[in-house]
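Here is the structure we will look at, set down as structure tokens.
No lab work stands behind these numbers, since they all come straight from the coordinates. Note that this is a predicted model, so its numbers are computed, not measured. Counting neighbours? That spans all protein chains shown, and the Cβs are built from the backbone with ideal geometry, glycine included.
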Amino acid sequence: MNPIIKLVLICLALVLPVQTIKSVQAEQGTDVVYERDVRPILKAHCFHCHGEEGVKEGNLDLRLARFILAGGDSGPAVISGAATDSVLIERVSSGEMPPEDKNLSPLEIETLKAWIDQGAQTASPEPETISEQYFTEEESRFWAFQPIVKRAVPILNTERMLSSPVDYFVLEKLRAKLLEFTDQAPREVLIRRLYFDLLGLPPSVDAVERFIKDERPDAYERLVDELLASPYYGERWGRHWLDVAGYADSEGYTDADTERQWAYAYRDYVIKSFNDNMPYDQFVTEQLAGDELTARPYDNLTPDAKRRLIATGFMRMAPDGTGSGGVDQMVARNEAIADSINIMTTSLLGLTVGCARCHNHRYDPISQEDYYRLRAVLAPALDWQSWRPPSQRQISLYSQQDRDSKAAIEQRAQDATDARQKIVDQHIERTLSEELIKAPDDLKEPLRTAYRTPSAERTDDQVALLKEHPYIQNISAGSLYLYSRQRSRRATDIEAIADKLESEAIADTQEEYLEGIDEPLRGELKTLLDIPENERSDEQKTRLSEHEALLVTAETLKKFQPEITERVASYRQAAKVCRETDARKELDELQNGISAIRDEIPREYFIRALTEPENHQPVTYLFKRGNHSSPSEEPIAPGEMEILHSKVSVEIPANNPDLSTSGRRLAYARHLTNDRHPLVARVMVNRIWYHHFGRAFVNSLGNFGQLGERPTHPKLLDWLSREFIESGWDIKHIHRLILTSYTYQQRSDRSAYLDQIDPDNRFYARQSVRRLESEIVRDAVIAVSGQSNNAMFGEAVPVMEDGVGQIVLGKENLDGERKPIKGDGLGALENRRSVYIQVRRSRPLAVLETFDVPSVAPNCTQRADSNVAPQALLLMNSDFIVKYSQLFAKHIQQAGGESLESQIAYAWKRAYGQEIATDVLKGFLDFQVMQKQELLQADSKLTPEAAEETVLAMVCQALLASNQFIYVD
Amino acid sequence: MWTRVEERIIKMNSSSRQELHQEHRQEFGQETVRSSSRRHFLSRVAMGSIPLSLAALAQKAAHAEPVKPNLGLQSFDLLPKPTHHEPQAKAMISMFMQGGPSQMDLMDPKPILNKMHLQKFPGEIKYDNAAEASSRIMGSPYQFAKHGECGTEISELLPGLAGIVDDVLVIRSMHTGVNNHGQSIHAMNNGRTQKGRPALGSWLTYALGAETDELPAYVSLTDPQGLPVEGVLNWSNGWLPSLYQGTVIRPVEPRILNLNAPQQFTGKSQEKFLSLVRLLNEQHREQRERELELTARIANYELAYKMQAAASEALDLSQETQATHDMYGIGVKETDEFGKRCLIARRLVERGVRFVQLFTKNQYWDHHGTLQTRLPASCKKVDVPAAALVKDLKQRGMLDSTVVHWGGEMGRLPVIQNDTGVANFGRDHNTYGFSMWVAGGGFKAGGTYGATDEFGHRATENVVNHFDYHRTLLHLFGLDAEALTFKQNGREQTLLDGQPGRIVEGLLA
């Protein structure tokens, strides 16, 4: 479990900046004004009970300075110029207010006091009336809501060969801090950095050599272009987007965490879109409203239409418990909607809009009504009162031809099934006859009749009779295999019955004959019969031969007992058939044949899409305190948040008659990708920068609001954002601008001076040393071991729980007690890139989890990484690392030349992208000798060859476990 | 450095393990670290931003105000933390009897059940399994007797408990109020009935860290026959950092995953291997000596290595005397397995682990039917070892500072389930009133607390809800349930999550 990280990051910033910014004001004794300094404190802690939603406890409204001065039931809350006499100060200082909430910090209280003592001023005249959505001039002037303006690139003199406009903006800031760029990193560092940044893979030995030898002046730019064109680029950068979209292959929400079989198409869409460099405005629009761009019916879809519908999977990524049993449907639906809004707004707008679900945002000018306006935009597709569970939101990709073909195959399968049924019936009939042989003679017919009588029509006697003879009662199509399994025993039983019948008939024949004869002859004949045949004298034989019936044998029995003889023969025949007939095998074969026919049915694929039912425009209400059972009286119309609407106005239609859908999301998407929207471009450019430097201008990637960070380089952020828009939202263009900059190509070395001035590298006087993300650690291990399975796209590689609850790759196969049965492994699938591994929310793959893969509930706008001992244990001892170290060793034996020296040198190069130094190589060889001795000493049965193999794998493991492998300069 | 590989590796390996640690500790920690990075390092420690392990090695005492953690830089750790007030308990061992032991057959005698055996129950009953429900009362087949100076009545099925009864407080009025296993387990183990929240052990280690840097702070000991209901969620960190997740010590070897060196690392080859890794890392760091994260990661290998030895040592029961083995019932067929786990639990706590939880297998105590066959067998497995644990802790002077808990997520009903003949009789779920016992760590020793109605169905007197129990537990650990918070999704989350828990004074010594 690793759910914290994203959540913490979202909320993390909620603590620090408020205090510091305000405190500076207070401490410096500058004028403290209500809007800028005081209102944010009161808004965060007090408005909820004193002003918002018509709630005015004690008749006190704190939303305007004049309301505060006017006060409530306890008189004026504040006496201008006299902080110590003001009730407000008294209440917050004593901790009486806010009730239950945490107290105001000393700095906040100082700010309030300073404001009062300075005369309780406002920055501008206060409005006549105040609505729930009221925001101040100050809030409206907040940087993130201002238009994106492209300012001139600074002109600076420098001796360095600066290659990108980016550099001049960076240098301008650096110089203001008395810093300069550091040197350019050597080529082997650059290529490794670029490979991991753009592809998430280590460069091959050849690639490094080629690049180092490339003397063309634009060798670096060519490499950038080459990597941007690689299909692995989409796998790497698509993964970043999947984080913010909250991509998962399971529904989450409940324990069952049901799998989402078809989610992968969205993942593939994202990868393809990045590879194709789809313009970001189109990318956003398709994800929000791809269905609205596609005419109904969603049938016989063109590739474009298919793509656009798959894209809406973005709005279906939120955890969704509505398909699971045992959940409160209304709660689950509203949660799914709320999570979708969170995903949409944190990823695209960098605003924590979700905070306004229950009350006005405590820090940002986002009212609760704003929240429900956005909800109304989604309502036709996500209608909590007319909800379609996940299974009913899938669009089939079957064509008419597929349907016809399926019908034809089904018919064949049905025919085969009917034919099999006839055979089943025959076997039931035969089995019944066989079993009846066992039954007492007088019950044979009653049993047969009872069995054949449909169970509902059986008399009580029949029911009782059958209950006494379960071997008859239980004959059914489903149990035939049981009878088949014991057929040999049953045949023997029948034969025994036949034998018994026969010998009894013989005895009876003799008996009956004797009974017709008078004494003393009868006694004499009896005596003769008792003499064993081979001991009888000729005379005795002659005497007996006069009485044919007494000499009856199995062969002659027919003459005397024709009926019984016939019965015996029929039993024997039945036994023979019984012994020879393997009904189970025959029926299984027929069943397999039917399955084989059905296997020909073309597979039906589905799209998990967001769609609207036709003509569906539900009315949206605001939920008081977020409670869906307390809707507002007035409906809420779809629309943009007021603060953003005031910057770039937009009308969102309740229903656009030109479309087959409501058109709400499409209008909203067009508005977001309008070239004047202040947030969308900034948020994305900031994100791209982040992934190239490990740090962003606004380092709270998902929060551009009050509690987020302020941009370190506002001019550069805007310049790049404008450039992004003007280039046609060209993501690769932004990559190129950044990657070809000098800023990016610097060395990553720290220095004492730098650490003193800018320890966190906010100003980029160097690059940063960064740890590989979890997926990339795994992918890199597999890559250097020469095992990469480069197949792209398709169904997720499944994960399962092993016997101790560790999550490993594999197809789940549980025994009756839900314990995993050890399977054969997945073969080459185990070597696929991590982006293709199933993201089961409750089951993060152990290798990835150890290295901090984020949990998805609902999304992750920024990852964090940990540095803990279990990571070391994994790299020391896990099956994963041992397996790939051995494969790595095999790989270098094949690719690294004959000698141990050359193999180790090759391994070094493969792992680190560098030449090994002579003394280091010597060290490895020493290690090899020493370790080999150690192993041979410890295990007398070990051969020197085997010891060498083992040591080589250990050498490989040391490389994989080293910091140099999992960090990039 | 590389020209002396052999020398260095030999040196590392010739010194004893202890010396090796000492040497590493010095190099990484306090005494002999090279100049500039050392100064910088110390300044970062003072600022509280140094990542965990290195700080653990270097500066165990450097902690500021951690109970409400600083959310500035994300560096959570397991360093010992100060508490809100003087703690009585420092560690806890919980024996979780998953399935719901039958209180009226074990520690909450109800004579009227025997008087009214097979008669109709005269009130309302909340059943779980309506299909097998019966309204006929089931008397207890077992004899109760008073034990110890406190005179607590204990069933004949628990002679071990009877023997330690003066050190134990039996709580007879537990209540969670949700009649199924999963939700009630979450109530008892995660604070609320929903899943997804951090386990009790996660909260405690988040709040208090651990007294060891060689062992996991929070350990779960699972049953060889499988995980309890809700599986790994029982020790999930929820949305707390994964550092606070319970580490499963497996019921079979290898008891800790990734803890033992791969089999081919025979002899001292792993030490040599780690020396090689360390040389690689040091060489890498030499060019990046200001990157503290790299230093911390090197230290993590040391910690991991120490953990291998320390955990193996902690799990090595051969170090215990025969008398101790006998006391825990080790070597006796029925008690051997659970006895070993109880002994491991003591050894872990002794070595500074904060929270250890033992689980019985899936639904081990869920006696819906054939109670008279299965309940005695369940008792037999755990009774002697559990009692031994309390005795042993007491002998060693550890009981005062160690909470011991024995109980499940529910109890059982006074009426028959599966009314198809005496041998088949069982009892259905009951979360409205059930019993468990606690000992040590500031809990009252001897006697009982609270009561159920005369039939044992509902807690009526001094009801202890799961949230009351949790608040009381935190209190014993020196923690204020409302001040122990974690910021998640903009909310200050707590273990109680707003449930009105109280400190139950009557449970305290």
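Here are some notes:
- Among the GluC sites (Glu not before Pro) within the stretch A:541-624, those in coil by DSSP and having at most 12 neighbouring Cβ atoms inside 10 Å are A:Glu546, A:Glu555, A:Glu600, A:Glu604, A:Glu614.
- Neighbouring partner chain Cβ atoms per residue of A:933-942, average, 10 Å criterion: 4
- Two-site FRET efficiency, B:Ala483 against B:Ala309, from Cβ-Cβ distance with R₀ of 30 Å, rounded to 0.05: 0.20
- Residues of the stretch A:387-411 with amide N under 17 Å of a point placed 7 Å along Cα→Cβ from A:Asn300: A:396-406
- Reported to the nearest whole Å, the Cα centre-to-centre distance from the stretch A:288-360 to the stretch A:577-618 is 31.
- Using a simple spin-label model with pseudo-atoms 7 Å out from Cα toward Cβ, A:Met792 and A:Asp183 lie 3.9 nm apart.
- Basic side chains Lys and Arg get +1 at the Cβ, acidic Asp and Glu get -1 at the Cβ, and with that the dipole of chain A about its Cα centre reaches some 3460 debye.
- Residues B:Arg351 and A:Asp276, FRET efficiency given R0 of 45 Å [Cβ-Cβ distance, rounded to 0.05]: 0.20
- Computed over chain A, the per-residue total of -39500 (n - 2.57) for DSSP H runs of n ≥ 4 gives a 222 nm mean residue ellipticity of -15500 deg cm²/dmol, rounded to 500.
- A full extension of the chain between A:Arg584 and A:Ser163 corresponds to an added length of 143.8 nm, given 0.36 nm per residue minus the alpha carbon distance.
- Take the Cα of A:Asp85, go 7 Å toward its beta carbon, and the backbone nitrogen atoms of the stretch A:34-68 under 20 Å from that spot belong to A:66-68.
- Working from label points 7 Å from Cα in the Cα-to-Cβ sense, the A:Glu137 to A:Ala176 distance is 2.5 nm.
- The Cα trace of chain A gives Rg and Dmax of 41.5, 152 Å, the first to one decimal, the second as a whole number.
- Nearest-ten-degree value, helix A:368-378 long axis tilted from longest Cα axis of chain A: 50
- Multiplying the residue separation of A:Ser391 and A:Ala828 by 0.36 nm and removing their Cα-Cα distance gives an extension gain of 154.2 nm.
- For the stretch B:332-352 versus the stretch A:186-221, the inter-centroid distance based on Cα atoms is 56 Å.
- 27 Å Cα-Cα reach of B:Lys110 towards lysines, excluding residues that sit fewer than 8 places from it in its own chain: B:Lys120, B:Lys126, B:Lys146, B:Lys380, B:Lys381, B:Lys444
- Nitroxide proxy distance, nm - points 7 Å out along Cα→Cβ at A:Thr449 and A:Glu57: 8.7
- Fewest-first sequence of A:Thr743, B:Thr373 by Cβ atoms within 10 Å of each Cβ: B:Thr373, A:Thr743
- Förster-model FRET efficiency, 45 Å R0, B:Leu508 and B:Asn114, C-beta, rounded to 0.05: 0.85
- Per-residue average of Cβ from other chains inside 10 Å of A:943-954: 2
- Computed packing ranks the peptides B:264-274, B:338-348 as B:338-348, B:264-274, most packed first, by mean other Cβ atoms within 10 Å.
- In degrees, nearest ten, helix A:165-176 long axis to first principal axis of chain A (Cα): 60
- Close Lys pairs in the stretch A:879-968, defined as Cα atoms under 23 Å apart and 8 or more places apart or on different chains, number 10.
- Counting only other chain Cβ atoms within 10 Å of each residue's Cβ, the peptide A:955-962 averages 5.
- Helix A:400-438 vs. chain A, principal-axis angle (Cα, 0 to 90°, nearest 10): 40
- Gap separating the Cα centres of the stretch B:149-214 and the stretch B:241-289, nearest whole Å: 34
- Whichever lysines have a C-alpha closer than 22 Å to that of A:Lys467, once near sequence neighbours (fewer than 8 apart) are set aside: A:Lys438, A:Lys444
- A straight Cα-to-Cα reach below 12 Å connects A:Lys624 with the aspartates and glutamates A:Glu52, A:Glu53, A:Glu369, A:Glu633, A:Glu634, residues fewer than 8 places away in its own chain not being considered.
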